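Note sheet for the following structure.
The values are calculated or read from the model by the stated rules, or taken from the named source; none is laboratory data. Just so it is clear, the structure is predicted and the values come from calculations on it, not from any experiment. FYI the Cβ positions are ideal-geometry reconstructions off the backbone, even for glycines, and counts take in every protein chain you see. Protein only, heavy atoms only, side chains kept; ligands, DNA and RNA dropped before computing areas. Shrake-Rupley method; radii C 1.70, N 1.55, O 1.52, S 1.80 Å.
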Amino acid sequence: MKKAIESFYTALDNHDIDAMVSYYHDDIVFEDPIFGKLEGLKAKKMWYWLSENGKDLTVKFSDIKADDHKGSAYWEARYTFGTRKRPVLNRVNSSFEFKDGKIIKHIDDYSLHRWASQAMGWKGKVIGGSSYFRRKIQYRSSRLLDKFNINV
């Protein structure tokens, strides 16, 4: 499954989201600090949304470990965020679980406070580490995905 994780991140770096989500099981569960817990189609839609709204996204990955049941990887995403085009370097530790040769669970772990400080400037530095901010950004992200239309 190590090769699947490598191909997954290579596809993300190439903005080939069709290839990327082909590694996801139909019952995928994805979780991260910004989007919270996403299941199935909504998890796949998130990557399409990110690719469409992050045209300058680049990805570097390393330290991939995997067997037939579990895996992990470290990756860095570089992009600009928002109308002010603030530069973001997000350092992410990912864990995976596999079923039927596909990713069934994917958890991305990173500092929401660090991300908010980069993406949102002083406001992110002030409130980016709070549980209020986490709830608010997850709510907004979920609504954004609900409105995003893509044929997956």
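What nm value, rounded to one decimal, do you get for the distance between residue 107 and residue 93 when each label is placed 7 Å out toward the C-beta?
That separation, rounded to one decimal, is 1.1 nm.
Any idea what diffusion coefficient the chain gets from Stokes-Einstein, in µm²/s, Kirkwood Rh on alpha carbon pairs, 4 °C, 1.567 mPa s? Please list the in-between numbers first.
Details: Rh = 15.8 Å.
For the chosen part, D equals 82 µm²/s.
Taking only protein heavy atoms and a 1.4 Å probe, what accessible area per residue, in Å², does the stretch 1-72 have with all protein chains in place? Don't skip to the answer; put the middle values down first.
Working: 3650 Å² over 72 residues.
I get 51 Å² per residue for this part.
Taking H placed 1.01 Å from N in the peptide plane, check which residues at least 5 places from residue 86 or on another chain put their amide H under 5 Å from its amide H.
HN-HN under 5 Å from residue 86: 81.
Is any residue of the stretch 94-138 close enough, with backbone N under 11 Å, to a label point placed 7 angstrom from the Cα of residue 69 along the Cα-Cβ axis, and if so, which?
98
Considering the Cα trace of the stretch 108-152, what is its radius of gyration and what is Dmax, both in angstroms?
Every Cα atom of the stretch 108-152 included, Rg and Dmax give 12.4, 38 Å.
Under unit Cβ charges (Lys, Arg +1; Asp, Glu -1), what dipole magnitude, rounded to 20 debye, does the stretch 107-152 have relative to its Cα centre?
The calculation lands at about 280 debye.
Using a 1.4 Å probe on the protein heavy atoms, what percent of the accessible area of the stretch 1-144 belongs to carbon and sulfur?
On the way: 3990 of 7910 Å².
Summing carbon and sulfur atoms, their accessible area is 50 percent of the total for the stretch 1-144.
First measure r as the distance between the Cβ atoms of residue 131 and residue 27, then evaluate 1/(1 + (r/R0)^6) with R0 = 22 Å and state the FRET efficiency to the nearest 0.05.
Numbers: r = 29 Å, r/R0 = 1.31.
Computed FRET efficiency for residue 131 and residue 27: 0.15.
Divide by every residue of the chain the summed helix terms, -39500 (n - 2.57) for each DSSP H run of at least 4, and state the resulting mean residue ellipticity at 222 nm, rounded to the nearest 500 deg cm²/dmol. If you can, show how the numbers build up before the last one.
Numbers: 6 runs with 62 residues, N = 152.
Counting only the DSSP helices, I get -12000 deg cm²/dmol.
Go ahead and set up a Gaussian network model of the chain, Cα springs under 10 Å, then flag whichever of 40, 82, 124 fluctuates most.
Looking only at 40, 82, 124, the largest GNM fluctuation is found for 82.
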